[in-house]
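Only one structure is covered here, and it is reproduced in the block below.
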Amino acid sequence: MTDDAAPDLRASDADRERVADILRDALAEGRLDMEEFGERLDATYKARTYGELAPITRDLPTAQGAAVPAVSLSKDPERDGNWTGRIIGGDDEGTSTWAVAVMSGFQRRGHWTAPRRFNCFAFWGGGEIDLREANFADREIVINAVAVMGGIDVVVPPGVEVVVRGVGVMGGFDHREEGVPGEPGAPRVIVTGFAFWGGVGVQRKLPRAEKQRLREERRREKLERKEQRRRELGASLPGLHDHLDLHGSREERGTRRRDDR
């Protein structure tokens with residue numbers, strides 16, 4: 001295989017996801033604005049070959065400052081759906097262990113490591129703790145949320161078990177995601193704390209990459225249905241033309257008979 005042929009090779013879903021991860025990191029670091037991120041992410045999921053993927057991240061550095069490789073030609077094994085690679089364990093205490101919002105807001109989202117215990121406080125403000133793309137310092141983590149006249153949202157991906165133990169006074173904790181069994185090996189997230197004239201919500205959402213993949217699948221299915229209808233209509237047109245020709249011939253014969261009279 002020559003290098004000249006490499007750009008024409010078909011890219012896999014894993015290749016597109018690697019490029020999408022680089023774009024998300026660049027957005028979080030401020031290297032891309034939301035408009036640029038959206039345009040490049042859309043181009044990523046539309047790309048079919050390595051040659052189409054390569055320019056998307058060519059001007060973006062890695063966290064170490066080295067140039068980003070266009071696309072890896074080595075085929076890494078696809079994820080088998082287990083959580084082994086996302087539960088770090090050991091002495092890792094997480095990327096961040098606390099957050100405070102006083103008449104303001106905070107966010108923990110994207111690629112980060114959720115610690116064994118995360119403490120957060122919101123007063124006349126709000127916060128978001130998004131675990132959809134996070135790694136986990138342990139198989140069980142605790143989010144201790146205190147909301148006073150404010151709100152805190154916890155977002156978990158499908159497959160994670162959620163236990164809610166918080167107490168609300170003229171406020172409340174969202175228990176809707178409790179009781180959903182977790183996948184084998186998935187982490188357990190315990191949400192505890194206190195809410196006074198405020199609330200702590202728990203939502204279960206698909207990761208952004210999965211949502212984008214599903215949107216792309218629906219778009220392809222829609223195009224396929226449209227193409228199928230076009231082919232069916234094309235197949236029926238010859239018979240329709242024959243019917244119109246026969247009908248026209250009968251009208252012409254009737255006109256000639258009337259003229260003969």
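The values are calculated or read from the model by the stated rules, or taken from the named source; none is laboratory data. The model shown is predicted, which means the values in this text are computed figures rather than measured ones. Here the Cβ is made from the backbone with ideal geometry for all residues, glycine too, and neighbour counts use every protein chain on show.
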| request: Give the residues of the range 30-59 that are in a loop (DSSP other than H, G, I, E, B) and either modelled with pLDDT under 85 or within 21 Å of the chain's Cα centre (by Cα) (or both), sorted by residue number. | output: Gly30, Arg31, Leu32, Asp33, Ala47, Arg48
| Among the numbered criteria (1) farther than 29 Å from Leu23 by Cβ; (2) at pLDDT 95 or above, which single criterion is violated by Asp174? | (2)
| task | Check Val142, Val189, Val154 and return the single one that is over 29 Å from Arg18 (Cβ atoms), in contact with a strand residue (DSSP E or B) (Cβ under 7 Å, 6 or more places away or on another chain) and either assigned by TED's automatic domain parsing to the domain that holds Glu17 or modelled with pLDDT of 95 or more (or both). | result | Val142
| query | Which one of these is in a strand (DSSP E or B), of a type in the set (Gly, Ala, Ser) and touching a residue at least 40 places away in the same chain (Cβ under 8 Å): Ala209, Ala195? | reply | Ala195
| said: As an exercise: evaluate Gly182 against (1) surrounded by fewer than 11 Cβ atoms within 10 Å (Cβ to Cβ); (2) part of a loop (DSSP other than H, G, I, E, B); (3) under 24 Å from the mean Cα position of the chain (by Cα) and give the number of the one condition it does not meet. | reply: (1)
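Based on what the data block shows, is Gly127 more than 27 Å from the chain's Cα centre (by Cα) and not in a loop (DSSP other than H, G, I, E, B)? It would help to see each step written out before you state the result.
Details: more than 27 Å from the chain's Cα centre (by Cα): no; not in a loop (DSSP other than H, G, I, E, B): yes.
No.
Pick from the range 133-153 the residues that are among the small types (Gly, Ala, Ser) and part of a strand (DSSP E or B): which of them is surrounded by the fewest Cβ atoms within 10 Å (Cβ to Cβ)? Spell out the reasoning first.
Let us first name the residues in the range 133-153 that are among the small types (Gly, Ala, Ser), namely 134, 137, 145, 147, 150-151.
Among the residues that remain, those that are also part of a strand (DSSP E or B) are: 145, 147, 151.
Values: Ala145: 28, Ala147: 29, Gly151: 19.
For the range 133-153, the residue satisfying everything is Gly151.
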| query | Among (1) surrounded by fewer than 16 Cβ atoms within 10 Å (Cβ to Cβ); (2) touching a Pro at 6+ places or on another chain (Cβ under 6 Å), where does Trp124 come up short? | reply | (2)
